[in-house]
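Below is one structure, written out as structure tokens; comments come after it.
Only the coordinates and a few stated rules stand behind these numbers; no lab work does. Remember, it's a predicted structure, so these values are computed and weren't measured experimentally. Cβ: placed from backbone, ideal geometry, glycine included. Neighbour counts: every protein chain shown.
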Amino acid sequence: MQTLSRRQFLSAAALTTLALRATLLHSLTETTPIGIRTRSGPLRGEQSLGVNVFRGVPFAEPPVGPLRFRAPVPVKPWTTERDATRFPAAAMQPGSSGIDHSEDCLYLNIWSPSSPGPHPVYVWIHGGGFTGGSAFEPMFDGIILAQQGIVCVTVAYRLGVFGFLDFEPLLGADYAGSANNALRDLMTALGWVQQNIAAFGGDPARVTIGGESAGAKLTDILMGVPSAQPLFHQMISESGGAERVLTRAQGETVARGFASIWRAQPAGEPKALLTAPAANLIQAQTQFIASWPQHFPLRCQVDGLLVPLRPVETIAAGSSRGKRLLIGTNRDESAAFLGPHPQNDPGPADLGNLSVSDFDEVFKKYPEVYPQMIPELLRIRATTAEEYWVPSLRAADAHLKGGGTAFVYRLDFAETGGYLRGYAFHSLDVRLVWDRPSALAENAQAEADLALQMHHAWVAFLRGEAPAAPGIPAWPAYNAVARPTMVFDTQNHVEQKPQEAELRLWDGIL
């Protein structure tokens, strides 16, 4: 079987879940219309299975026309009842598969208990490598949380060049900070939640933000944005880390690299970026990413304003003081990208934070730490550490230093069939946390048991309790000395100082 690159994997996963939305999210039957009045205006949603559902609720003005590449503008109030029974289009991104994409994408979806509140709120930020995904993927159907007393909000944000490219070098000072427009989209959504979630039975004083992959990285970066702190109260980060940000100089280099691709197109003057069809921008983006020597060139940026410093520095200085963090990674994240038996040394497309030369300085020491480990597995473990595990630990350490509390986990439970049999690969945790285990797994009962345990531990955390569930031992809070880590597997257990020798290889690197 052909191995997918990291960006191909993320894109394919996003498209697969998007294509399934009609079969799951629109499959609710026996719905009853329900109306609600928010500060923004009246909405008409649906009630089913004891849950109120409102889809496609705008939180910002459409970022189109003169608002393209601009900071989001909070949605203007409306007076007539708005239909909130259908999902909106996904943000602009590569791919099709019959899925609607649009620049007009700044909407959120809400699942709330029909019982009186106030209930805790979970705002879920989808993943997709900063270039794909949506807020209505079937895996994230919030009904499963709403039935347990949690208001679930899934939120969209601009992707790719629309949300993560610095256009100031190309279009002038009016577009300064545009590399952080996706962050501003999320903050605008969180501001809308603060003002309106009480109408849905949610408690604006108990808002958790969280996500997986790019959604987790954005969560961790938001921890380091001082002006975002009043908008949420605790965080969940699955396969994240706050390392993936650019300096202003790096952002300018990326912008000029994209411009070189854009200028090669017909009518490719920079000013044409403001009026060109969105599909043309996506085409140029695809060519640019394929040609760029570093992985994920489209990222948030340290701009000195919204993001004043590298997020881990701001977090360590206390930006997320007093908040709780649940954070962790999967043991074999990179198996999803390198394949289960990678033949070649990692290249630029396999690394999220380092150059190949810098990575090689660490990688060459891995056989000393794991002398019995086969080279293929060494590649998977080292790239997993570079992209997910070490950045997540650095975020947890910074959060503790800044006065926060953290609970750290590692998923060791491995796929039991198919191409990635034996690996705890990237995104495997998602179906467990959302209690959607695979019925086709060879070890289906063990997976179902673990999914129920992890799901209830996450729900307990969302409620403000310690993460706990039957079948999980007492989960101690993280500290930087013993680094207690909950290991999820067929036998859940807590490890002290896990992978200590491996972690030391990364000192001073990340």
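Some observations on this one:
- When the chain is described by a simple charge dipole with +1 on each Lys and Arg Cβ and -1 on each Asp and Glu Cβ, the residue from SER355, GLY201, ILE236 located farthest towards its positive end is GLY201.
- What you get for the chain, charging only the Cβ of Lys and Arg (+1) and of Asp and Glu (-1), is a dipole of about 1100 debye around the Cα centre.
- Residues THR253, THR38, THR31 arranged by fewest to most Cβ contacts within 10 Å: THR31, THR253, THR38
- Selection from PRO270, PHE296, ILE327 lying farthest towards where the dipole of the stretch 259-338 points positive, charges on Cβ: ILE327
- Entries of LYS323/LYS497; LYS217/LYS365; LYS217/LYS323; LYS217/LYS497; LYS365/LYS497 with Cα pairs more than 21 Å apart: LYS323/LYS497; LYS217/LYS365; LYS217/LYS497
- Antiparallel bridge percentage (DSSP; both residues within the chain; nearest 5): 40 percent
- Beta bridge orientation in the stretch 329-510: antiparallel %, DSSP, nearest 5: 35 percent
- Per-residue Cβ neighbour rank within 10 angstrom, fewest leading, TYR366, TYR409: TYR366, TYR409
- Positive-end ranking of GLY163, ILE144, LEU432 along the dipole of the chain, with charges on Cβ about the Cα centre, is headed by GLY163.
- Evaluated with a Cβ-only charge set (Lys, Arg +1; Asp, Glu -1), the stretch 329-510 carries a dipole of roughly 400 debye about its Cα centre, given to the nearest 20.
- Extension gain for VAL356 to GLN445 (0.36 nm times residue separation, less C-alpha to C-alpha distance): 27.9 nm.
- Rounded Å value of the spacing that divides the Cα centres of the stretch 211-245 and the stretch 373-396: 20 Å
- Percentage relative contact order, the chain, counting C-alpha pairs under 8 Å, at least six apart: 13 percent
- Of GLU30, GLU252, GLU333, GLU269, the sequence from fewest to most neighbouring Cβ atoms within 10 angstrom is GLU30, GLU269, GLU252, GLU333.
- Whole-angstrom gap from the stretch 282-354 to the stretch 57-110, using each part's C-alpha centre: 26 Å
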